[in-house]
Amino acid sequence: MPKLTIFYIADPANYDIMSCTLLASIRQAFGDSVKTIGYCSEHMIDDVHPAVFKAHEMMGGEIRSMKTEGMWDEPYPHGNKIIAALQPRETEYSAFVDTDVLFLRPNSPDNLIRPGHVACSVAASMVWAEQSIWDDVYGAFDMPLPEERVSLMRRGSNVLPYYSSGFVVFPEADGPAGRFADMWYETARTIDRVETIPRRRPYLDQLSLPVAIRRSGLGWSEIPEEHHYILGGKLRGEPLPQDREIYTVHYRNNNLLSEVGLRKPARQMLNAQTGVRFVRRLVNTPDADREREAEADSQDELE
């Protein structure tokens, strides 16, 4: 049985389609060495495109529903990743990845797992807040500031640990202070209620992440940039580096994927796993002709 589950959000009307390309890249990179789950908000599950279920079945993945309504004081769709982390899974470790992630080369769970630690990459930047924000964040739990300092991926050095929530690997078993996923959720909800912390949303997931790791009694292990290469920002318009092996890209949108020449390879991964370059073609729907015309236009742009 695999020891790692890679999971992601598969809400309609965009993430469900995107999740199929992500899943195809997971299978290309990891084969059957990992379990895969796409989570959909239970009140939206009936709107998931039928081709998404078929694609997941073909690629040995699952679509599972989860309750998201009422899980926050106010609706917070960006926090669905934390709700997904809360769900029970059967493997020893789990890895959440944003749906706009693409795995590019053969990989192994052993490259991502470190016992007793939560693995995540440093964030690209934290230009939205001053470092003084951490006084209130850690102060909400009567915790001292961590002594460690990190350099962020694109902008910011010698700053308190601040990690991307777009790729987070964690143990499922209870740590010294309980299960990490439960702690992440509880930590985020507490911070969300501290009015003195500015701009808590949409950054609540990342703001709570290092605190939750420390509160759970686990260590943080930094995923190398090669395993979570974030496109865009100050790198906009630059090709992928040729002097390093990039295993994983976080592309944010299809325009950025096209700019680095990966949109066509992404379609080829899907085709290799499902036999189609556009997932909607797996089923016949009432609007199939319109979808095929739109996809044909996109295909013309790729070639």
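Among the residues that make up the stretch 183-196, is at least one of them crowded, with 17+ Cβ neighbours inside 10 Å and either touching a Cys at 6+ places or on another chain (Cβ under 7 Å) or polar (S, T, N, Q) (or both)?
yes
Take the stretch 47-86 and flag every residue that is under 16 Å from residue 17 (Cβ atoms) and not in a loop (DSSP other than H, G, I, E, B). Please lay out each step first, then the result.
Step one: list which residues in the stretch 47-86 are under 16 Å from residue 17 (Cβ atoms), which gives 47-59, 61, 63.
Listed by number, the residues that qualify are 47, 50, 51, 52, 53, 54, 55, 56, 57, 58, 63.
Exactly one of these conditions fails for residue 141: (1) in a loop (DSSP other than H, G, I, E, B); (2) buried (at least 19 other Cβ atoms within 10 Å of the Cβ); (3) modelled with pLDDT of 95 or more. Give me its number.
(2)
Which members of the stretch 111-142 meet the condition of being more than 18 Å from the chain's Cα centre (by Cα) and of a type in the set (Val, Ile, Thr)?
The answer is 127, 133, 137.
Quick grid of which residues meet (1) modelled with pLDDT of 90 or more; (2) farther than 30 Å from residue 73 by Cα; (3) over 17 Å from the mean Cα position of the chain (by Cα):
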{"position": "184", "(1), (2), (3)": "yes, no, no"}
{"position": "194", "(1), (2), (3)": "yes, no, yes"}
{"position": "205", "(1), (2), (3)": "yes, no, no"}
{"position": "216", "(1), (2), (3)": "yes, no, yes"}
{"position": "229", "(1), (2), (3)": "yes, yes, no"}
{"position": "251", "(1), (2), (3)": "yes, yes, no"}
{"position": "262", "(1), (2), (3)": "yes, yes, yes"}
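Please state which one of 157, 151, 164 is within 14 Å of residue 210 (Cβ to Cβ) and of a type in the set (Gly, Ala, Ser).
164
The values are calculated or read from the model by the stated rules, or taken from the named source; none is laboratory data. These numbers were taken from a predicted model, which means no experiment stands behind them. Counting neighbours? That spans all protein chains shown, and the Cβs are built from the backbone with ideal geometry, glycine included.
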